[in-house]
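Participant: One structure, as structure tokens, below. Some questions next.
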Amino acid sequence: MYVPEVFEEKQVAVLHDLIRRYPFGTLVTLSERGLEANHIPFLVEPTPEPFGVLYAHVSRANPVWRDLSSIREVLAVFQGPQGYISPSWYASRTETGMVVPTWNYAVVHVYGRLEAVQDAALLRSVVDRLTNTHEAGQAEPWSMSEAPAHYIEKQLSAIVGLQLTITQLIGKWKLSQNRPAVDRASVIQALFAQDTESSIAMAESMEKRRSDARGSGDRPLGT
């Protein structure tokens, strides 16, 4: 992934946070069949350091887990907030006219070694944690213990766990950092005014990045 320095995000905690907020990732592998992509939810654990581990699971019928002995490295991609940025939103457009459309986004690329998890206790733990994480916001959270034990065992026997030990994390936060401060402020205002889930998420991400830059004492870009 091409990452200009101004858009690069290196903080592991920040990268992990995006994965937790947007856990539905794309797992890209290269086997004898060629390139393949599987779309699955992941669970991220911060240890072992420095980058942690990803856990997931796939159907036992999915051949991806059978190819692991021949796969040296895999890539998992996590897409955070994203959206179109109109040049009409830039406050500076009336002064210079030098504005063009663009697309803002935050994304994490995870590289690492993938192995199958067939240990029954670990697989159950991964599924249980994934379930509890995503049930937490429900009015009446469901738990695995509510289903008949024999039914859960049958379901678990039909899947294979995946453990991705992370060897490299690459983050790209393209949030208008290359624009003057006045333009970043006007874009944030326009995104909030759109009042959609995606526009608000992008506006909040831009606002947080602007606040973090001020807190670190960085001189605002473009001024």
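Every number here is computed from the coordinates shown, using simple stated rules; none is lab data. Remember, it's a predicted structure, so these values are computed and weren't measured experimentally. Don't worry about glycine lacking a Cβ; one is built from the backbone with ideal geometry, like all the others, and counts go over all protein chains shown.
Participant: Taking Cα pairs under 8 Å and at least six residues apart, what relative contact order does the chain come out at, in percent?
Facilitator: RCO, the chain: 25 percent.
Participant: Another question, if that's okay. Among 19-27, 184-192, 68-76, how do they line up by average Cβ neighbours within 10 Å per residue, starting with the highest?
Facilitator: On the way: 19-27: 16.7, 184-192: 19.2, 68-76: 14.8.
Top of the packing list down: 184-192, 19-27, 68-76.
Participant: Leaving out same-chain residues fewer than 8 places away, which aspartates and glutamates sit with a Cα under 12 Å from that of LYS174?
Facilitator: Qualifying aspartates and glutamates at Cα under 12 Å: GLU5, GLU8, GLU9.
Participant: A follow-up question, please. Grab the Cα-Cα distance for THR94 and THR167, subtract it from 0.36 nm times how many residues apart they are, and report the gain in nm with one decimal.
Facilitator: 21.6 nm
Participant: For region 111-223, what Kirkwood radius comes out of the mean inverse Cα-Cα distance, in Å?
Facilitator: One decimal place: 18.4 Å for the Kirkwood radius.
Participant: Something else about it: What number, in nm² with one decimal, is the all-direction average of the projected area of the convex hull of the alpha-carbon atoms of region 5-178?
Facilitator: 13.4 nm²
Participant: So, one more: Tell me the mean residue ellipticity at 222 nm calculated for the chain from its helices only (DSSP H runs of n ≥ 4, each -39500 (n - 2.57), averaged over every residue, nearest 500).
Facilitator: Helices in the chain give a 222 nm mean residue ellipticity of -10000 deg cm²/dmol.
Participant: Further question: What is the calculated FRET efficiency for SER69 to THR131, with r their C-beta to C-beta distance and R₀ = 45 Å, to the nearest 0.05?
Facilitator: On the way: r = 30 Å, r/R0 = 0.66.
Given R0 = 45 Å and the Cβ-Cβ separation, E is 0.95.
Participant: If you don't mind, another one. Could you calculate the FRET efficiency of GLU45 with GLN189 from 1/(1 + (r/R0)^6), where r is the beta carbon distance between them and R0 is 35 Å, rounded to 0.05? Working shown, then result.
Facilitator: Numbers: r = 38 Å, r/R0 = 1.08.
Working from the Cβ atoms, E equals 0.40.
Participant: Put +1 on the Cβ of every Lys and Arg and -1 on every Asp and Glu Cβ in the chain; which of ALA121, ALA136, THR96 then has its Cα farthest towards the positive end of the dipole?
Facilitator: The Cα lying farthest towards the positive end belongs to THR96.
Participant: How do TYR2, TYR55, TYR84, TYR111 rank when sorted from fewest to most other Cβ atoms within 10 Å of their own Cβ?
Facilitator: Ranking TYR2, TYR55, TYR84, TYR111 by Cβ neighbours within 10 Å, fewest first, gives TYR2, TYR84, TYR111, TYR55.
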